1. Please verify whether region 15-22 includes one or more residues that are modelled with pLDDT under 80 and open to solvent by 50 Å² or more (accessible area, probe 1.4 Å).
2. Please identify the pairs in which a residue from region 152-172 that is closer than 15 Å to Phe59 by Cα has its Cβ atom under 7 Å from the Cβ atom of a residue that is modelled with pLDDT under 95 and not in a helix (DSSP H, G or I), counting only partners at least 6 apart or on another chain.
3. Could we say that Arg146 is under 30 Å from Ser7 (Cβ atoms), open to solvent by 50 Å² or more (accessible area, probe 1.4 Å), modelled with pLDDT of 60 or more and not aromatic (Phe, Trp, Tyr) here?
4. For region 151-192, which residues satisfy the criterion of being surrounded by fewer than 15 Cβ atoms within 10 Å (Cβ to Cβ), at pLDDT 90 or above and not in a loop (DSSP other than H, G, I, E, B)?
5. Report the residue count in region 23-55 for those that are of a type in the set (Lys, Arg) and open to solvent by less than 60 Å² (accessible area, probe 1.4 Å).
6. Which numbered condition in (1) modelled with pLDDT of 65 or more; (2) part of a helix (DSSP H, G or I); (3) surrounded by 14 or more Cβ atoms within 10 Å (Cβ to Cβ) is the only one that His128 fails?
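The values are calculated or read from the model by the stated rules, or taken from the named source; none is laboratory data. Model, not experiment: these values are computed from the prediction. Because the Cβ atoms are built from the backbone with ideal geometry, glycine has one as well, and the counts that use them run over all protein chains shown. For accessibility, only protein heavy atoms count, side chains too; no ligands or nucleic acids. Shrake-Rupley method; radii C 1.70, N 1.55, O 1.52, S 1.80 Å.
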Amino acid sequence: MTKRDASPHWDRGMQQRLVHGEAAALGELYDRFSSLVHGLAHQVLGDERAADHVTREVFVHVWEHPEAYDPRQGPLRAWLAALARRFALRRLHGGGTAAAPGAQGSPDPVALGVRRASAAARADRIVHSMPVPLRAALELAYFQRRDYRQTAADLGIPEDEARRRLRLGLQLLSAAHDTNAFDAPPGYGGAA
């Protein structure tokens, strides 16, 4: 078993930590598998920025739906790979890309306002669903203008943990601007 592989026991434990809203678990999962998810998305899409979006979508989905993973159906790594492939294929086939502004004339101001309000509502929902430690780090950094060192000192945590919390919080929030991040998620094991 390589360092990147995990045992079924580790997979179940990780899922339970995510179900309990443990931000550090999401950070650990991201650190361990983000390159796999990004690589698969990039392989399907051939575009760095689109692969970044898919990577965020996958980890937002995992954060919001950790119970969707069934350890009896296979390793967590395989589930993440399947999600990455499905999200990437959906984006490739037009289900996850928006037309560029101005591509077909000027954007409708009402539609633009609705999209902005929708993104703001998603961001609010994401912030309120975050575990308290993750939300506290973001509030210190953005409302009180603390850098990660000051945030770490204020929260009494190591600087690496403060950076991890801020990074995860920003990645979750960035999904609020991707209008397809909250579409009905693809299932595990079906055809794309």
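1. yes
2. That search, which allows pairs on different chains as well, returns Gly169/Met130; Leu172/Met130.
3. Here the answer is no, as Arg146 does not meet what is asked.
4. Ala153, Glu159, Asp160
5. Number satisfying all stated conditions: 1.
6. Result: His128 fails condition (3) only.
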